[in-house]
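Let me give you the structure first, and then I'll get to my questions.
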Amino acid sequence: MSKSPRRSPLTELNRLIKDNRLAEYPSPNLVLGMRPVVFASGTSRWLWEQQPSNVLNPFGTVQGGYLAVLIDEMFSTAIASVLEVEEWAMTAEFKINFLRALNPQPLNGDARVLRRTRLLAFLEAQIIDQNGVVAVTATSTWAIMRP
């Protein structure tokens, strides 16, 4: 009797993203209020509707490290949507530009894969404030691995 191949947890996570199963997406950052809105081929959209007080700096604005966490979530879900079975990717480089300080408010973020080769992927992202103003931009390079 032949056994069906077991899929790795990473393969299952990538499938969940490809199938846009938002409610099933696991992340420790969901407790901060960050949540995915849409997963699509090569893109992801996230909403951070309300920031908890512990992510604010002494000036009362959102601390940049937490914005980087949101962008990393956006990048990781965008790249996962274009990976093949058993492939995985990791950040090779990440650049973030903080264009303005952000007071606690609803934030929308979009990420997209600009180009994917066999070994690398190039992505861009932005976070937009509740007034539709781009507040943060980022680019990233991801290394694509195979078993």
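Do any residues in the range 50-63 that are touching a residue at least 12 places away in the same chain (Cβ under 8 Å) have Cβ atoms under 8 Å from those of residues that are of a type in the set (F, W, Y), where the two are at least six apart or on different chains, and which pairs are they?
Filtered contacts from the range 50-63: Q51/Y66; V55/Y66.
Here's something else I'd like to know. Collect the residues in the range 26-66 that are among the hydrophobic types (A, V, I, L, M, F, W, C) and assigned to a helix (DSSP H, G or I), keeping them in residue-number order.
L30, V31, L32, V55
Check N54 against each of (1) within 15 Å of the chain's Cα centre (by Cα); (2) at pLDDT 95 or above; (3) surrounded by fewer than 15 Cβ atoms within 10 Å (Cβ to Cβ) and name the one condition it does not meet.
(1)
Also: Do you know which residues across the range 104-147 are among the charged types (D, E, K, R), surrounded by 13 or more Cβ atoms within 10 Å (Cβ to Cβ) and outside any strand (DSSP E or B)? Spell out the reasoning first.
So in the range 104-147, the residues among the charged types (D, E, K, R) come out as 110, 112, 115-116, 118, 124, 129, 146.
Filter again for surrounded by 13 or more Cβ atoms within 10 Å (Cβ to Cβ), leaving 110, 112, 116, 124, 129.
Once the filter is applied, which keeps residues that are among the charged types (D, E, K, R), surrounded by 13 or more Cβ atoms within 10 Å (Cβ to Cβ) and outside any strand (DSSP E or B), the range 104-147 yields only D129.
Only one of these is more than 30 Å from N54 (Cβ to Cβ) and modelled with pLDDT of 95 or more: A125, A121. Name it.
Numbers: A125 fails: more than 30 Å from N54 (Cβ to Cβ).
Going through A125, A121 in turn, just one is more than 30 Å from N54 (Cβ to Cβ) and modelled with pLDDT of 95 or more: A121.
Has the range 77-100 got at least one residue that is surrounded by fewer than 17 Cβ atoms within 10 Å (Cβ to Cβ), of a type in the set (V, I, T), out of contact with any helix residue (DSSP H, G or I) (no Cβ under 8 Å at 6 or more places or on another chain) and closer than 25 Å to D129 by Cα?
So far as the range 77-100 goes, no, none of its residues is surrounded by fewer than 17 Cβ atoms within 10 Å (Cβ to Cβ), of a type in the set (V, I, T), out of contact with any helix residue (DSSP H, G or I) (no Cβ under 8 Å at 6 or more places or on another chain) and closer than 25 Å to D129 by Cα.
Another one. Read through the list (1) of a type in the set (V, I, T); (2) in a strand (DSSP E or B); (3) in contact with a Lys or Arg (Cβ under 7 Å, 6 or more places away or on another chain), then give the number of the only condition that V82 fails.
That leaves (2) as the condition not met.
The values are calculated or read from the model by the stated rules, or taken from the named source; none is laboratory data. Keep in mind that this is a model prediction, so the values were computed, not measured. As a convention, Cβ positions derive from the backbone with ideal geometry for all residues, glycine included, and neighbour counts pool all protein chains shown.
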